[in-house]
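Undergrad: Can you read through this structure? Questions will come right after.
The values are calculated or read from the model by the stated rules, or taken from the named source; none is laboratory data. These numbers come from a predicted model, not from an experiment. Note: ideal-geometry Cβ built from the backbone for every residue, glycine included; neighbour counts use all protein chains shown. Areas reflect the complete protein model, heavy atoms only, side chains present, ligands, DNA and RNA absent. Shrake-Rupley method; radii C 1.70, N 1.55, O 1.52, S 1.80 Å.
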Amino acid sequence: MTFIEQQVVERLHPRAVRYFSSIGSTNDEALAWMAAGAPTGAVVITDEQVKGKGRLGRVWHTPAGSALIVSVILRPQVKALSQITMMGALAIYDVVKLLGCDDVGIKWPNDVQLCGRKVSGVLPEAVWEDGLLSGVVLGMGINVSIDFQNTELAQKAISIEPVLGKSVDRLDLLSSLLRQVDYWADRLGSLELFETWKNRLVTLGRDVQVQTAERIVSGFAEMVDQDGALWVRQADGHVERVIAGDIALG
Ligand code: BTN
């Protein structure tokens, strides 16, 4: 079932909302709206995303009616910036759990996994002007009913509906997700947010391989620090602090 614009706007009232039946990227639209003075908490929602942006320059394509695709405009303090990515993962983790899914975890840094496969993506984009943070767009995509069978992602990606065995109302999911985003936005910069994110990671205490922009770091995922960086103990005992990368577990 497709989103109906009027229902979306009514359900999210009084939040500022821009709805599109199809769009290139909700993040791009939200970035433009933020530059034009959108209120904090404003959201961009679409039914179909044809030029979605993923982490590390990847493409994130979403067929119509099969996922929750949303970008939220935030204006956090600079010191809380590293928690934005944690917050997106936490909000998604919460709503997937609330739906009744059991086997849910966060793969460092912000992939929510369901039954060991990726069920969502989080892409925060910060905007700076003259050295000052003017805002952040927090883009989130949750796979609701995308069928990954017989695709190259079959072993890596998953949707909520086949796991739950019932259909999920995306409007309910959207309003639940934004409630959790608001909950964590009120706690940005807190130890509570960091500790909760850390406790939900499925990455720590395991052997990992992280592809960073420069190289591959292999070793034991020992800890995360409050900036969200992962500390990996390599075979020679040296501990490498990894800020960003693509991780493979086990
Ligand atoms: C990832 O690669 O894991 C992150 C994917 C993020 C996708 C979301 S969908 C909503 C928002 N708009 C985009 O263009 N990307 C993000």
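Undergrad: If you scan the range 29-52, which residues turn out to be without any contact (Cβ under 8 Å) to a residue 24 or more places away in the chain and over 25 Å from residue 63 (Cβ atoms)?
TA: Of everything in the range 29-52, those that are without any contact (Cβ under 8 Å) to a residue 24 or more places away in the chain and over 25 Å from residue 63 (Cβ atoms) turn out to be 36, 37.
Undergrad: Any idea which of 37, 57 is of a type in the set (Gly, Ala, Ser) and either in contact with a strand residue (DSSP E or B) (Cβ under 8 Å, 6 or more places away or on another chain) or away from the ligand (no atom under 14 Å from the Cβ) (or both)? Spell out how you get there, then give the answer.
TA: On the way: 57 fails: either in contact with a strand residue (DSSP E or B) (Cβ under 8 Å, 6 or more places away or on another chain) or away from the ligand (no atom under 14 Å from the Cβ) (or both).
The conditions single out 37.
Undergrad: Residue check: is residue 106 open to solvent by less than 10 Å² (accessible area, probe 1.4 Å), more than 18 Å from residue 170 (Cβ to Cβ), part of a strand (DSSP E or B) and aliphatic (A, V, I, L, M)?
TA: Values: open to solvent by less than 10 Å² (accessible area, probe 1.4 Å): yes; more than 18 Å from residue 170 (Cβ to Cβ): yes; part of a strand (DSSP E or B): yes; aliphatic (A, V, I, L, M): yes.
So residue 106 fits the description; yes.
Undergrad: Run residue 68 past the list (1) under 20 Å from residue 159 (Cβ atoms); (2) open to solvent by 20 Å² or more (accessible area, probe 1.4 Å) and report the number of the one that doesn't hold.
TA: Status for residue 68: all satisfied but (2).
For every residue, the table says whether it meets (1) away from the ligand (no atom under 16 Å from the Cβ); (2) loosely packed, with under 13 Cβ neighbours inside 10 Å; (3) assigned to a loop (DSSP other than H, G, I, E, B).
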| position | (1), (2), (3) |
| --- | --- |
| 123 | no, no, no |
| 127 | no, no, no |
| 134 | yes, yes, no |
| 137 | no, no, no |
| 141 | no, no, no |
| 146 | no, no, yes |
| 149 | yes, yes, yes |
| 154 | yes, yes, yes |
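Undergrad: When the range 168-190 is examined, which residues are found to be small (Gly, Ala, Ser) and either crowded, with 16+ Cβ neighbours inside 10 Å or in contact with a helix residue (DSSP H, G or I) (Cβ under 6 Å, 6 or more places away or on another chain) (or both)?
TA: Matches in the range 168-190: 175, 176, 185, 189.
Undergrad: Looking only at the range 168-175, decide whether some residue is farther than 25 Å from residue 68 by Cα and not acidic (Asp, Glu).
TA: No, there is no match, as no residue in the range 168-175 is farther than 25 Å from residue 68 by Cα and not acidic (Asp, Glu).
Undergrad: Confirm whether residue 8 is in contact with a Lys or Arg (Cβ under 7 Å, 6 or more places away or on another chain) and crowded, with 18+ Cβ neighbours inside 10 Å.
TA: It is false that residue 8 is in contact with a Lys or Arg (Cβ under 7 Å, 6 or more places away or on another chain) and crowded, with 18+ Cβ neighbours inside 10 Å.
Undergrad: A further question on this structure: Exactly one condition in (1) under 28 Å from residue 221 (Cβ atoms); (2) in contact with a His (Cβ under 8 Å, 6 or more places away or on another chain); (3) of a type in the set (Gly, Ala, Ser) is not met by residue 57; state its number.
TA: So the condition that residue 57 fails would be (2).
Undergrad: If the Cβ limit is 9 Å and pairs must be 6+ apart or interchain, which residue in the range 232-250 that is more than 13 Å from residue 215 (Cα to Cα) and touching a residue at least 40 places away in the same chain (Cβ under 8 Å) pairs with which residue that is hydroxyl-bearing (Ser, Thr, Tyr) and surrounded by 13 or more Cβ atoms within 10 Å (Cβ to Cβ)?
TA: 249/203
Undergrad: Would you check which residues across the range 9-30 are polar (S, T, N, Q) and either within 9 Å of the ligand (Cβ to nearest atom) or more than 18 Å from residue 65 (Cβ to Cβ) (or both) and list them?
TA: Once the filter is applied, which keeps residues that are polar (S, T, N, Q) and either within 9 Å of the ligand (Cβ to nearest atom) or more than 18 Å from residue 65 (Cβ to Cβ) (or both), the range 9-30 yields 25, 26, 27.
Undergrad: While we're looking at this one, here's another question. Give me the pairs, please: first residue somewhere in the range 167-191 and closer than 17 Å to residue 40 by Cβ, second residue anywhere and open to solvent by less than 20 Å² (accessible area, probe 1.4 Å) and of a type in the set (S, T, N, Q), beta-carbon distance under 7 Å, and either six or more positions apart or on two chains.
TA: 188/83; 189/83
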